[in-house]
Amino acid sequence: TIDVGYDWELLSGEKTVMYVPGYTLVKQIKSGSPYDKYTVGSYLSPDKVRSAFQGAMQKAINGNTTPYTILPSVHGPAITFKVIYDENEFFNVDFVPAIIVGNQWSVAKPHPKVLENPKANEAYANYWRKSYSLDENRKLCNLPANSCHKECLMIMKAIRLNNPSQFGMFSSYILKTTLLHMLDEFSDEDDWKACMLTERVLDFLQIGRASCRERV
């Protein structure tokens, strides 16, 4: 995580050259910081930050002195470490480069148009993806102890893992986002009591089906 301090400004909405929902530009106000080499024009480049981050993580792997095998892979802005600690036992750890300006977190996740055609859509290249993960985690952690939201999400993840052909397209992020929408729709504490688990799982499935139909 990089805290870029007060020499940078987040630009979103009408302040940007073009409005890109969910994304922001990080404009340099004052030069002379260690991050000058990661700028394009006067904007902090997510691509340069992401490349430097990946290089630093690779150096960490090269200097690994633990008895564990670490296999890196790149998924979008994240580097995933597959840590093998036994012959058939492992766990994955995702590392995502992020910056903080004021209270806003942003991650170096490329805009989909950049992934589609970098040259044709280079106007999107300096946009950072806004991150609301801390707010989302805070919201989930502040729910009542008897809430069944965790069980609901775990059931949906189990359904996805056991039915990859039908549910494989629903990533963990999509499932979590759906749950957050449901928490707004069903905002009464009684809606998430343990006895309501079946109803909430069925609602989850119905919302997913409705969303898929809208995409067709």
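Quick notes
- Within the stretch 86-102, the set of residues being open to solvent by less than 80 Å² (accessible area, probe 1.4 Å) and in a strand (DSSP E or B) comprises Val93, Phe95, Ala98, Ile99, Ile100, Val101.
- Subset of the stretch 103-136 (residues that are open to solvent by 60 Å² or more (accessible area, probe 1.4 Å), out of contact with any Pro (no Cβ under 6 Å at 6 or more places or on another chain) and either polar (S, T, N, Q) or in a loop (DSSP other than H, G, I, E, B) (or both)): Asn103, Asn117, Pro118, Lys119, Ala120, Tyr132
- For the stretch 155-173, the set of residues classified as without any contact (Cβ under 8 Å) to a residue 12 or more places away in the chain and closer than 24 Å to Pro97 by Cα consists of Ser171, Tyr173, listed by residue number.
- Every residue from the stretch 141-154 that is in contact (Cβ under 8 Å) with a residue 40 or more places away in the chain and surrounded by fewer than 17 Cβ atoms within 10 Å (Cβ to Cβ): Leu143, Pro144, Asn146, Glu151
- Test: residue in the stretch 176-195 that is touching a Gly at 6+ places or on another chain (Cβ under 7 Å), under 25 Å from Ala78 (Cβ atoms) and modelled with pLDDT of 90 or more: yes
- Verdict on Arg160 being surrounded by 10 or more Cβ atoms within 10 Å (Cβ to Cβ), among the charged types (D, E, K, R) and within 24 Å of the chain's Cα centre (by Cα): yes
- The stretch 109-139: number of residues that are in contact (Cβ under 8 Å) with a residue 40 or more places away in the chain and out of contact with any Asp or Glu (no Cβ under 9 Å at 6 or more places or on another chain): 10
- Residue match in the stretch 100-108 (condition: under 21 Å from Val26 (Cα atoms), β-branched (Val, Ile, Thr) and in contact with a helix residue (DSSP H, G or I) (Cβ under 7 Å, 6 or more places away or on another chain)): no
- Any hit, the stretch 179-192, residues being assigned to a strand (DSSP E or B) and touching a Ser or Thr at 6+ places or on another chain (Cβ under 8 Å): no
- Hits in the stretch 81-108 (condition: of a type in the set (Ser, Thr, Tyr) and free of Cβ contacts under 8 Å to residues at least 40 places away in the same chain): Tyr85
- Verdict on Leu175 being closer than 18 Å to Pro144 by Cβ and either in a helix (DSSP H, G or I) or open to solvent by 60 Å² or more (accessible area, probe 1.4 Å) (or both): no
- Wholly enclosed strands (runs of 3 or more DSSP E) of the stretch 6-85 bearing at least 2 residues of a type in the set (Ser, Thr, Tyr) and within 22 Å of Pro112 (Cβ to Cβ): 23-28
- Whichever residue in the stretch 39-58 is hydroxyl-bearing (Ser, Thr, Tyr) and under 19 Å from the mean Cα position of the chain (by Cα) and, among such residues, is surrounded by the most Cβ atoms within 10 Å (Cβ to Cβ): Ser45
The values are calculated or read from the model by the stated rules, or taken from the named source; none is laboratory data. Remember, it's a predicted structure, so these values are computed and weren't measured experimentally. Every residue, glycine as well, gets a Cβ built from its backbone with ideal geometry; the counts of neighbours run over all protein chains shown. What goes into the accessible areas is simple: the full protein's heavy atoms, side chains included, and nothing from ligands, DNA or RNA. Shrake-Rupley method; radii C 1.70, N 1.55, O 1.52, S 1.80 Å.
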